[in-house]
Amino acid sequence: MTDIELIDNSEFVTAKSSISFLCFFLNEKGIVVVGGRLQNSQLSFNSKDPVIIPGKHKLSELIVKQFQVTHLHAGRSLLANILKQNYWIVEGKTLIRKIVNDCIVRHRFKAAFSNQLMENLSQQMVTLKD
């Protein structure tokens, strides 16, 4: 059985599960979310209880790519913090690292400028005229 089927049947997930250490539950829409200690805060529901998404799923890859592009090809830490506001991606650090490293635009921004060696100045340019 998958983790979602176990949660749906009100059973415990296995200790080997990647979400076994989280305080998770099914919300009213049947989506698995992470519970936390922020229930009394003024944050939105999505921020209080982010949706759990498997890191090796195509959906999570598309979500991370979309957030990376809409936030101007953000780096790893900024992208991780933005995503944590709405999603809990299992093994998200690995996925974020892969997507940021594969970003062509980001590599172009980080490209090193070429340093050209300048030729010596001519004698006329460096001598003083009387």
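Where a number appears in this text, it was derived from the coordinates with a stated rule and is not lab data. These numbers were taken from a predicted model, which means no experiment stands behind them. Glycine also receives a Cβ, built like all others from the backbone with ideal geometry; neighbour counts cover every protein chain displayed.
Annotations
- Set of lysines with alpha-carbon distance to Lys16 below 17 Å, sequence-local pairs under 8 removed: Lys56
- From helices alone, the chain scores -10500 deg cm²/dmol at 222 nm; the rule is -39500 (n - 2.57) for each run of n ≥ 4 DSSP H residues, then divide by the residue total.
- Shown for region 74-130 is the translational diffusion coefficient from the Stokes-Einstein equation, using the Kirkwood radius over Cα pairs, a temperature of 20 °C and a viscosity of 1.002 mPa s: 138 µm²/s.
- Shape category assigned to region 28-90 from the gyration tensor of Cα positions, a/c cut at 1.5: oblate
- Footprinting exposure proxy ranking of Arg106, Arg97, fewest other C-beta atoms within 10 angstrom first, gives Arg97, Arg106.
- Lys, Arg +1 and Asp, Glu -1 on Cβ, resulting dipole of the chain about Cα centre, debye, nearest 20: 320 debye
- Using only side-chain charges placed at the Cβ, +1 for Lys and Arg and -1 for Asp and Glu, the dipole size of region 46-93 relative to its Cα centre rounds to 80 debye.
- The phi torsions of region 64-77, fed into the Karplus equation with coefficients 6.51, -1.76 and 1.60 and a -60° offset, translate into couplings of 5, 4, 5, 5, 5, 6, 5, 9, 6, 6, 4, x, 4, 5 Hz, rounded to whole numbers, with Gly and Pro shown as x.
- Applying 1/(1 + (r/R0)^6) with r as the Cβ-Cβ distance of Arg37 and Thr14 and R0 = 25 angstrom yields a FRET efficiency of 0.50.
- Low-density loop cleavage sites - GluC sites (Glu not before Pro) in region 56-129, where at most 12 other Cβ are within 10 Å (DSSP): Glu91, Glu119
- Nitroxide proxy distance, nm - points 7 Å out along Cα→Cβ at Ala112 and Gln85: 3.6 nm
- Each Cα pair under 8 Å and six or more residues apart adds its sequence gap; the mean of these over the residue count of the chain is a relative contact order of 18 percent.
- Region 50-91 - percent relative contact order, Cα under 8 Å, separation 6 or more: 66 percent
- Listed pairs Lys58/Lys93; Lys58/Lys110; Lys29/Lys58 exceeding 24 Å between Cα atoms: Lys58/Lys110
- Selected from Val34, Val105, Val64 as most flexible by GNM, with the chain as the system and alpha-carbon contacts under 10 Å: Val105
- Difference of contour (0.36 nm per residue) and Cα-Cα distance, Met125 to Leu26: 27.8 nm
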